[in-house]
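See below for the structure under consideration.
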Amino acid sequence: MDRECVSLLPSVCEVLADSGRSLPDDTSLEKLLDWFTGLTKAGGSQLEACPCLLEFISAVVGNTASDPGVLSFALKLTGLLAATEDGFKMLQERSVLDLVFNHQRWQEAGLWEDPCLRIGWIQGLKSMLQHPKALSFFVKSDFIEPLLQLQTDSSLFVASAANQMLAHILLFFQRVSSAGCNGVNKKKDDRRTQTSITDLEHPAATVDTIAEYTAVLVAITGYLKESLVPKENLHQSLQILKLLSMLLAQAGPPLWDKLLQTVGDSLEELVTVSCNQLTLPLMDVILAAHSSGTGEHVSDQRVSRLLSSMLNINKQSDLIHAAAAFLRRGHHDTVHTARAVRILLLPLDIISGKTLLGTNTTADEHRFSMVEQLKSKTSCISIICVCLTNTPQITLMPSDVLPCPPDLIVTAVLSLLRICSGISSSAGCSEACRNLIGSGKVQKCALEALTTLNNSPGVKEKINDVFTVLIQYLDNPDSDPTVLHKSYQVLVKWTSVCTELSFITEQLKQDLVEVVKKRVCDMRWEVRDSTVEFLGHLAGVHVFLKSPGEVRDACEALLGGCCTTPLLREALQDTESYVRASAISALAKTQAHSWQQGERLSQEETEIVSRLLEILSQDTEGFSRRAVVQYFIAWFSSCSSNSPPSSSTSLQMQCVRSVLSQGSADLDWEVKVHTLELAELLLDEAFSAHRGYRKCSDTHQALSHPYGVVSDQAYTPHTHTGSRTKGVESDLARVLNNLVEQGVFSALLSGLVDCDRPVGLKACRLLITLRDTVCPLSLGALDATTATVSCELPSWSWGQEIRKILGKRKSDEARGQRSFSGAEEVDSEDCRVMKEACSVSVCEVLRSLSLDERLGVLTQSSDHVHNSPLSLLQDILTASAAHTHSDTQQAGQEVIVDCY
């Protein structure tokens, strides 16, 4: 523990013990507990290092008027300190444990009614139960009875904590029950690994420990048996099922066998009760037991019978959920899997009228009762949605499990979509079909299923039918925007898999063109946005035409090139920024192929570029401006560096200068980051032939979130070895001068002093890469050629900030070269440096910005200052002092604390 923290801890304990004193925030106690938890895991005795903790606990629990939150903290802290045998012994010698965990005392004081105290009692005991002595204390204190009562507490948090506690006791100490088994069930023990169970500190269990664990086991399993079947309310049964699920998933023999032997009859009775609220929790218990069984023992066979019973219950809605739960667990039990598949396909079979379950079998025993369930609208929609969610998984199963070919299931889903939109009726149950007409929920579920069904074997030939239904949906004026969006997604998915589009008729293609033209002008912006996105996604899909070697993008193959670009160009004028941004992204995807081929830009494409530059400089929404910069990044990335210069290349470089200038001055930080990504591409291109250049992305991986904490990976400046020839130096100077003229260097300097951390961080890394390439530190003095390259620093904005940094460095050097002659002389020198000419050497700037030190600062999150135990302790004391002297403070005065 830090020495400063040790010195502050007594004062903090005094503040906490005084219930009238305030805390900086509601989570201070939890943060303190987290700190002590970390210290305990690191080892060492906290009670010896900080005797004030014992005094604090005694003072708090001895005063029944203490704040319940502080009391709860004291209980948790006591359990944490007693987690080691030395700490347990010290606390027991002082009679602290009996005082702290005496629940009857808290009941008599009227404090037990507060759920936070009950939580503290449970979690304190759980933390303590890490060794046999703690288990002995737990048993001798008769804590098992109140813990069982808390398992069905009115507070869900308390009940959950009690559940976790019971599971911890049985699982953590389960090894002691088999300590004297002498190899019995060894094979089964090896089969069921216990990677989640922590070994005891003293594996050699004593006779007393075994007896104590046995007593706890008998008490808990007896309670489970008696309370599992609901008598009045279901809350108790639900909690016990959750507990059993946890236990059976992790238990090893003989605990696994003991549990099933004890509660097996109750589980069988519960299956017959057929209560829908218990179906899924009950299925979780059975599947947890089934996953660890092998069929070798009586208990395993009982689990198999329970599973069969669950897949044969009479209530169809519960039956569907049980079958879905079985498939979700991914079991490979052929008999039960085939049964679950038939159950889930039955509703689709009934409504669609397709023979999904085969024609050579007798009528399914559940068909009549399922039809009755589907006649209820609420039940019908719920059942169908569950079935649709599982159809993609079903179609991928082996043929010995499937009762029909996968393409027939796709046909049934398409029939269901037609029924929902009212396009057609069905040969199935007419009453059930009426319940589905206009149901957006079923439509969305069916479309989501169809999105994944394209991967099923033998279904590619269905693409014509799929397109027909989807175009009908897109053309339907009653279609919800979300349904339309999903319809577009399905079209793209199926097109990307069925890359040979010979199945799609010319009439369907024409219908698709017409419906896209219609929807791109829809009154709802969400629909316009989805349509524009669809055009972009379609352009990114490559398909084969009649000749095997002829490849085109799907947008051109399905819609024709003359349709797409005009629609997207018109969308650039849309009133909604999301649509404009989507149109820009889609244009980049549609033009990617021509960029890669180095084709000359058409007049229309040149006008699009001009429009995009207008959006970057004038659009009021950041979404559109971000998309513009990304468009130019895509354009620059697609062009080959080996292609000969052309008018397109000249226009591209003119645009790059404009984008760098405008993007680096944007108010949106994401626009600035994308601008730096463009600058990075220019750096990579410029130094691609230079063997000493190392890409910035090779050293630093991108963060998952721009404001996330940067990894601890240290930055190692790259150095060059060997001498450089005059020709190489001259070439570097030329390249560096080009980068300055393009505006790359100005964009990097602007980003370096930006107020947004992601911008500054990326700019700093790129500047370090540039510095290590053109003027590495290992070469000593600046090269004569690169030293001549200069840039202009504006006298405003970022230029002023850079000049301040350079001026400060120069004035510091001047101070070191002359004796101190008074403040006025120094100030006048600083002012003179600030007013020097704006033209500066690029290499001198790179050397003078202290980039490595700045990178070290930027890669640290704010947590390194505020997120510390010392800061937390100081905040508690500060808030306490503010509370104490609140009467003397002026009105409106507030004490601000930095509690992490």
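Just so it is clear, none of the values below were taken in a lab; they were calculated from the coordinates. Because the structure is a prediction, the values reported are computed rather than measured. Please note: Cβ atoms are built from the backbone with ideal geometry, for glycine as well, and neighbour counts cover all protein chains shown.
Worth a mention:
- The distance linking segment 1-51 with segment 458-487 is 62 Å (Cα centroid to Cα centroid, whole angstrom).
- With the simple spin-label model, which puts each label point 7 Å out from Cα in the Cβ direction, the GLU741 to TRP35 separation comes to 6.0 nm.
- For segment 562-692, the Kirkwood radius over C-alpha pairs fed into Stokes-Einstein at 37 °C and 0.692 mPa s yields D = 218 µm² per second.
- Distance-filtered residues of segment 481-511 - backbone nitrogen under 19 Å, label point 7 angstrom along LYS518 Cα→Cβ: 481-492, 505-511
- Inter-part distance, segment 549-603 to segment 220-263, computed on C-alpha centroids, equals 61 Å.
- In nm, spacing of pseudo-spin labels at ASP852 and ASP26 (7 Å Cα→C-beta vector): 4.8
- Rounded FRET efficiency, nearest 0.05, which uses the C-beta distance separating GLN149 from GLN393 and R0 of 45 Å: 0.60
- Summary of packing: across the peptides 46-54, 258-266, the per-residue average of other C-beta atoms within 10 Å ranks them, highest first, as 258-266, 46-54.
- For SER308 and ASP731, the difference between the fully extended length at 0.36 nm per residue and the C-alpha to C-alpha distance is 144.5 nm.
- Sorted peptide list for 138-147, 623-632, 463-472, criterion being average Cβ within 10 angstrom, highest first: 623-632, 463-472, 138-147
- Distance in nm between pseudo-label sites at TRP796 and SER868 (7 Å out along the Cβ direction from Cα): 4.1
- If R0 equals 25 Å, the separation of the Cβ atoms of ASP98 and GLU55 corresponds to a calculated FRET efficiency of about 0.90.
- Ranked packing of 799-805, 124-130, most packed first, by mean Cβ within 10 Å: 124-130, 799-805
- Förster radius 56 Å - calculated FRET efficiency between SER658 and SER502 (Cβ-Cβ, nearest 0.05): 0.80
- Extension gain, ALA42 to THR649: 0.36 nm times the residue separation minus the Cα-Cα distance gives 212.4 nm.
- Karplus 3J(HN,Hα) series, Hz, for segment 393-408 with 6.51 cos²θ - 1.76 cosθ + 1.60 (x for Gly, Pro): 5, 5, 5, 8, 7, x, 5, 6, 9, 7, x, 8, x, x, 5, 5
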